[in-house]
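Undergrad: Handing you a structure now.
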Amino acid sequence: MVKFLKPNKAVILLQGRYAGRKAVIIKSFDDGTRERPYGHCLVAGIKKYPSKVIRKDSSKKTAKKSRVKAFIKLVNYQHLMPTRYTLDVDLKDIVAADSLQTKDKKVTAAKETKKRFEERFKTGKNRWFFTKLRVYSYNHVVFAIDWCLEIGIEDLDFT
Amino acid sequence: MVAAKKTKKTHESINNRLALVMKSGKYTLGYKTVLKSLRNSKGKLVIIANNCPPLRKSEIEYYAMLAKVGVHHYNGNNVDLGTACGKYFRVCCLSILDAGDSDIIKSMPGDH
């Protein structure tokens, strides 16, 4: 009875080009709009996760490895898996409902989001958000391992 | 270890309460609509049959945990749950939106 698809909620995209990527809800449209008459939300997610940084890496290497590529998208609620995590990054000013209308607005919004994500990654907080979802494929059936551990199945039954 | 064996009496009372909800309240049947009702926070109680696939069961429980909605594991499979709802089809999971005259929401939620 509590609404949980709210801004700052971390979600995982289930369909589309960005399936399996983690994203954060920026704005939610519960009752839809004229163009999208269903519940959907504006999310900002990670297109390319930062690589693993080890102690041996020089500062140049660390800088290169900590890069994040971001995307912005309007997604139907049905194509999201909400999680119990949140990401408190203030993206409301950079990403607005009209950012997706023209290509250059989208690009600038994505660049700004990328910067904010990188800052947050470097502080070491929200580590779950910046790690890739581990996925296991068995006989053409794909299971998200991270996900199953998260919701408490340790024993996957491949039937 | 072993979950408390549900006595016949409590099982019948759930069926009675469910029948009352079917008559006087609002509900949705089926996985897709159950998730929809949890997403827009209309669902008040979710009932899952015992032969629901474990991944689906866990997913519904996760959504219900996020929405702070109680989940009741029905003591019977989807055929039985369909019969309990008075339908001639199988029901794997259902969501109660408005209990009507029934007290199912007040008396069931703590039950796992």
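Undergrad: When the stretch B:53-81 is examined, which residues are found to be within 13 Å of chain A (Cβ to nearest Cβ) and open to solvent by less than 10 Å² (accessible area, probe 1.4 Å)?
TA: Listed by number, the residues that qualify are B:Ile60, B:Tyr63, B:Ala64, B:Ala67.
Undergrad: Turning to a different aspect of this structure: Have a look at A:Gly45, A:Gly39, A:Gly20 and point out the one that is among the small types (Gly, Ala, Ser), in contact (Cβ under 8 Å) with a residue 24 or more places away in the chain and over 21 Å from A:Val95 (Cα atoms).
TA: A:Gly20
Residues checked against (1) open to solvent by 40 Å² or more (accessible area, probe 1.4 Å); (2) under 28 Å from A:Trp147 (Cβ atoms); (3) assigned to a strand (DSSP E or B):
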position: A:Val2; (1), (2), (3): yes, yes, no
position: A:Pro7; (1), (2), (3): yes, yes, no
position: A:Val11; (1), (2), (3): no, yes, yes
position: A:Ala23; (1), (2), (3): no, yes, yes
position: A:Arg55; (1), (2), (3): yes, no, no
position: A:Lys61; (1), (2), (3): yes, no, no
position: A:Ala110; (1), (2), (3): no, yes, no
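Undergrad: For B:Val91, all conditions in the list (1) closer than 21 Å to B:Ser107 by Cβ; (2) within 14 Å of chain A (Cβ to nearest Cβ); (3) in contact with a Gly (Cβ under 8 Å, 6 or more places away or on another chain) hold save one; what is the number of the exception?
TA: It is condition (2) that B:Val91 fails.
Undergrad: Additional query: Is it true that A:Lys92 is more than 14 Å from every other protein chain (Cβ to nearest Cβ), over 25 Å from B:Arg39 (Cβ atoms) and either open to solvent by 50 Å² or more (accessible area, probe 1.4 Å) or assigned to a loop (DSSP other than H, G, I, E, B) (or both)?
TA: Considered against the rule, which asks whether it is more than 14 Å from every other protein chain (Cβ to nearest Cβ), over 25 Å from B:Arg39 (Cβ atoms) and either open to solvent by 50 Å² or more (accessible area, probe 1.4 Å) or assigned to a loop (DSSP other than H, G, I, E, B) (or both), A:Lys92 comes out as no.
Here is a yes/no grid of residues against (1) polar (S, T, N, Q); (2) within 8 Å of chain A (Cβ to nearest Cβ); (3) touching a His at 6+ places or on another chain (Cβ under 8 Å); (4) surrounded by 17 or more Cβ atoms within 10 Å (Cβ to Cβ):
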residue: B:Leu20; (1), (2), (3), (4): no, no, no, no
residue: B:Val34; (1), (2), (3), (4): no, no, no, yes
residue: B:Gly43; (1), (2), (3), (4): no, yes, no, yes
residue: B:Ile47; (1), (2), (3), (4): no, no, yes, yes
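Undergrad: Answer yes or no: is there a residue in the stretch A:27-36 that is touching a strand residue (DSSP E or B) at 6+ places or on another chain (Cβ under 8 Å), exposed (fewer than 15 other Cβ atoms within 10 Å of the Cβ) and either among the charged types (D, E, K, R) or modelled with pLDDT of 95 or more (or both).
TA: yes
The values are calculated or read from the model by the stated rules, or taken from the named source; none is laboratory data. Note that this is a predicted model, so its numbers are computed, not measured. Cβ sites come from the backbone with ideal geometry, for glycine too, and all protein chains shown count toward neighbours. Heads up: the accessible areas ignore ligands, DNA and RNA and are worked out on the full protein's heavy atoms, side chains in. Shrake-Rupley method; radii C 1.70, N 1.55, O 1.52, S 1.80 Å.
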